[in-house]
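The values are calculated or read from the model by the stated rules, or taken from the named source; none is laboratory data. If you're wondering where the values come from, they're calculated on a predicted model, not measured in any experiment. For neighbour counting, all protein chains shown are included, and Cβ atoms are generated from backbone atoms with ideal geometry for every residue, glycine included. Accessible surface is based on the protein model in full, side chains and every heavy atom, while ligands, DNA and RNA are left aside. Shrake-Rupley method; radii C 1.70, N 1.55, O 1.52, S 1.80 Å.
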Amino acid sequence: MVVYRTGPDLFTSIDHVLNEHRVDDFVIVDNGSTEEDAARLRAIAEREPRIRLLHGHGNIGFARGANLGASQAAGRWLVFLNPDAFLQEGCIDALITAAASAPSPAVAGARVLNPDGTEQRGARRGEVTPVTTLLSFTHLSERGPLRRFEIHREFEPAPERAAPVPTISGACFCVSRRDFERLNGFDGRFFLHVEDIDLCWRARQMGGQVLFQPNARVIHVGHTSHVEPMLVEWHKGRGLARYFRKRADNPLRMLLAWALGPLIVLAAVSRPVLRSLTGGPVRRLRPADETAPPATGPKG
């Protein structure tokens, strides 16, 4: 768990982790908490032998922080969990079961839920490309013929068991220590966001499998960090632009990456402004166990 000014949900998340019987070793990487939260973390770590608290290194970003935590973990299986996400009963068992039976390197992602029980956007996605990203940021993929570019699958009926998908959410996922080392961990050049997309892509490139595990549930609050939203979106936009350049394997993809990169960064940083003007995005939500007609898959 990588922590940076998360707020009170951090301690609820920690309680859920400590109540999970499969957790033998709990590494918390504190990239920079408030003085009050840092003191609470130290007190919890002193009385709980399973917790290993790493702090004093400053804000090194999520990817490098997660790599640091993984390097200090003792377990054969690694579960990465956001500090505002609450493990539900059986989540870790279900993730390990999925990852253990998949081609290596295997990454198994949880079914990430909103606090109201609806499935959260991003837990199961198609291929993240410059075109799908730009259309998603501008919500154009929700309209008419452009729906074929929609990569988010939260409105599709959930599978009964773990199913392959191109991309899962980094809010909660599992990978074996061996496979994480094969992947050389996260790419530390991503500061915040997109490192999970990159990890999924590299696992598939190596012949492994990315799985969405519907039976591993986690409630993700989201938007709890006391960080300026514009800065968060800036890092997300920059990370996406870098990812598209990194994975461009032919002249056309490289051209798209360089041409659409600035537009993607602009669209990302514009989102907090639009949310503040409109009072937040209005989305039709569906309870997580209710079925829906499948959306058309992405084409680009």
Original post:
How would you classify segment 47-127 from its alpha-carbon gyration tensor, with a ≥ b ≥ c the square roots of the eigenvalues: rounded for a/c under 1.5, else prolate if a/b is greater than b/c, otherwise oblate?
Top reply: prolate
**OP:** Mind telling me which of Gln120, Gln209, Gln88 comes out most flexible in a GNM of the chain, alpha-carbon contacts under 10 Å?
**Re:** Gln88
Original post:
Considering the chain as a Gaussian network with a 10 Å cut-off on Cα pairs, which listed residue, Glu181, Glu233, Glu160, attains the greatest mean-square fluctuation?
Top reply: Glu160
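Please sort 161-169, 245-253, 127-135 by packing, taking for each peptide the average over its residues of neighbouring beta carbons within 10 angstrom, highest first. Could the numbers behind the result be given before it?
On the way: 161-169: 19.4, 245-253: 12.4, 127-135: 21.1.
Taking the mean over residues of other Cβ atoms within 10 Å, the ranking is 127-135, 161-169, 245-253.
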Original post:
Relative contact order (percent) for segment 58-161, with alpha-carbon contacts under 8 angstrom and 6 or more residues of separation?
Top reply: 16 percent
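Which percentage, to the nearest 5, of the DSSP beta bridges contained in the chain is antiparallel? The partial results should precede the final answer.
Working: 17 of 31 bridges.
Taking every DSSP beta bridge within the chain, about 55 percent pair in antiparallel fashion.
Could you sort the peptides 194-200, 46-52, 97-103, 148-154 by per-residue average Cβ neighbour count (10 Å cutoff), highest mean leading? List each step's numbers first, then the result.
Values: 194-200: 24.9, 46-52: 12.3, 97-103: 18.1, 148-154: 21.4.
Descending mean neighbour count gives 194-200, 148-154, 97-103, 46-52.
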**OP:** Compute the accessible area per residue over the chain, keeping the other protein chains in place, probe 1.4 Å, unit Å².
**Re:** 48 Å²
**OP:** Just the number, please: carbon plus sulfur as a percent of the accessible area of segment 1-151, 1.4 Å probe, no ligands or DNA/RNA counted.
**Re:** 49 percent
Original post:
Pick from Leu274, Leu192, Leu68: which residue has the top mean-square fluctuation in a GNM of the chain where Cα pairs under 10 Å get a spring?
Top reply: Leu274
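Cα gyration tensor of the chain, axes a ≥ b ≥ c as square roots of the eigenvalues: rounded (a/c below 1.5), prolate (a/b > b/c) or oblate? All intermediate terms of the calculation are to be shown ahead of the outcome.
Numbers: a/c = 1.43, a/b = 1.33, b/c = 1.08.
Rounded, because the longest to shortest axis ratio a/c is under 1.5.
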